[in-house]
Amino acid sequence: MEDINHVTCIPLWDCLLVPLNGDVSDAQADALMTEVLERIQRDECFGVLVDLSGVWTLDSHLCSVLAQLSLAAKMMGARTVLSGMKPEIAMTLEAMGIELRGIQTVATLEDALGAMGIRRVREASEDRDSRAVRQLLLGSVDEKQER
Amino acid sequence: MSDDQEDLRVPIETESDLNHARMFARETCKLVALRGYKAQKVVTAVSEVARNIARYSHGGEVRFRVDADNHCIIIVAEDRGPGISNLDEILAGHYQSRTGLGRGLLGSRDLADSFDIQTGAEGTRVELSFRYGDKAWKTSTT
């Protein structure tokens with residue numbers, strides 16, 4: 001049976017994507033720290049992307065764990081970026097005077113990937129379509145020639 | 001019926017009870033249609049005071065009550081000691097806990113609309129109030 005405190009770590013090229021969801025327990029926060037640091041060493045990760053879009057509440061303890069994680073990851077040569085913090089959570093942390101110093105935070109996961117130097121490169125759809133048409137036509141020409 | 005009998009109670013012994021306390025806080029917010037930032041403040045403050053009980057005391061409980069007359073949620077976190085010896089230092093923002101932030105009690109004070117704390121060797125009692133709805137604030141517990 002899967003451990004209830006299991007933390008999902010998704011390898012993404014040379015980075016690690018860690019989506020946090022729901023009500024993060026203290027046990028899960030501890031597991032997060034251990035799991036991510038082990039994966040940084042094992043998979044030789046260069047960056048850690050912690051996505052908070054699914055997190056319900058961020059209290060001072062979880063902030064402290066994220067700050068410790070960021071610092072420990074940095075010592076191991078990996079950069080940590082937090083993304084997807086909800087406005088109401090950001091406002092609550094601000095009201096409590098929590099600054100998350102030393103951790104880079106960005107609005108979206110896309111921004112986090114960008115911060116790691118990962119960018120989207122999409123082939124122009126026109127090129128793709130014309131190539132597909134050309135393949136079809138050439139295919140049909142080849143078939144006729146074979147006959 | 002006394003107020004205590006109407007309270008929802010969540011016993012806090014260890015840090016694993018915190019999820020339960022936060023769940024009750026969310027449900028209480030839902031009950032009075034409190035959403036977004038206002039609900040987030042309630043849940044976060046509950047998490048902070050409940051953690052203080054789990055980490056520093058010999059156990060206790062968090063109680064939730066909706067005061068419909070005054071349009072406020074009242075949360076009482078009470079433990080069985082040993083009390084907070086450096087309360088002034090904590091509330092002045094000069095204290096840093098072993099986890100580094102030391103913002104738990106101070107943070108819950110900053111989030112609540114009213115905050116009251118009584119501490120002694122027998123235990124600590126923290127009372128927090130959060131307004132909801134548009135009704136003007138009539139009472140203060142401090």
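The values are calculated or read from the model by the stated rules, or taken from the named source; none is laboratory data. Because the structure is a prediction, the values reported are computed rather than measured. We place every Cβ from the backbone using ideal geometry, glycine too, and count neighbours over all the protein chains shown. For the accessible areas, the whole protein counts, side chains as well, though only heavy atoms, and no ligand, DNA or RNA atoms are used. Shrake-Rupley method; radii C 1.70, N 1.55, O 1.52, S 1.80 Å.
Do you know which residues across the range A:12-37 are open to solvent by 80 Å² or more (accessible area, probe 1.4 Å) and either closer than 19 Å to residue A:76 by Cβ or more than 14 Å from chain B (Cβ to nearest Cβ) (or both)?
Residues satisfying the conditions are A:13, A:30.
Pick from the range B:9-35 the residues that are at pLDDT below 95 and in contact with a helix residue (DSSP H, G or I) (Cβ under 6 Å, 6 or more places away or on another chain): which of them is nearest to the other protein chains (Cβ to nearest Cβ)?
Among those that are at pLDDT below 95 and in contact with a helix residue (DSSP H, G or I) (Cβ under 6 Å, 6 or more places away or on another chain), it is B:15.
Could you grab me the full set of residues in the range B:38-56 that are of a type in the set (Ser, Thr, Tyr) and either out of contact with any strand residue (DSSP E or B) (no Cβ under 9 Å at 6 or more places or on another chain) or crowded, with 24+ Cβ neighbours inside 10 Å (or both)? Show your work before the answer.
Quick first cut of the range B:38-56, residues of a type in the set (Ser, Thr, Tyr) only: B:44, B:47, B:56.
Scanning the range B:38-56 gives B:44, B:47.
Could you figure out which of (1) open to solvent by less than 50 Å² (accessible area, probe 1.4 Å); (2) at pLDDT 95 or above isn't true of residue B:113?
(1)
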